[in-house]
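Remarks on the structure that follows.
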Amino acid sequence: MNDTSCPNCGEEENLSGDSKETDRKESITVTCGECGVEWERDLKPQCSKCGTRDLRVAVRSIVDKSRGTQLSIQSLSVVYLCPACDKEEVAAWNQSNTPLPPIELPYDVE
Ligand SMILES: [Zn+2]
Ligand SMILES: [Zn+2]
């Protein structure tokens, strides 16, 4: 069953994926040819807190501090939200349907 679609723009056709199989985990790194988002598709996502598999897929922006003082959004990552444990983020995602704000900046300000 292939129901993959881009969590950012909804593209279903122009996607490329690398299937990786190890003995412990199966995941696919998918790249969207439309908007350039790359994400790892966990084939068996599960909430680490309550164990449910009924998760929502959302997109979170990763902000990179580039040269100068401007913050620019460079990439997005896909996150799995639990409707019970991540209620607020699920609500925010449902309302805005735009990438969630980053949790933290990847680099310290020099
Ligand atoms: Zn896309
Ligand atoms: Zn949960």
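The values are calculated or read from the model by the stated rules, or taken from the named source; none is laboratory data. Because the structure is a prediction, the values reported are computed rather than measured. Cβ placement follows ideal geometry from the backbone for every residue including glycine, while neighbour counts extend to all protein chains displayed.
For residue 99, the conditions (1) modelled with pLDDT under 75; (2) in contact with a Ser or Thr (Cβ under 6 Å, 6 or more places away or on another chain); (3) within 16 Å of ligand 1 (Cβ to nearest atom) all hold with the exception of (1).
Name the single residue, out of those in segment 31-75 being modelled with pLDDT under 75 and hydroxyl-bearing (Ser, Thr, Tyr), that is nearest to the chain's Cα centre (by Cα). The selected residue is 75.
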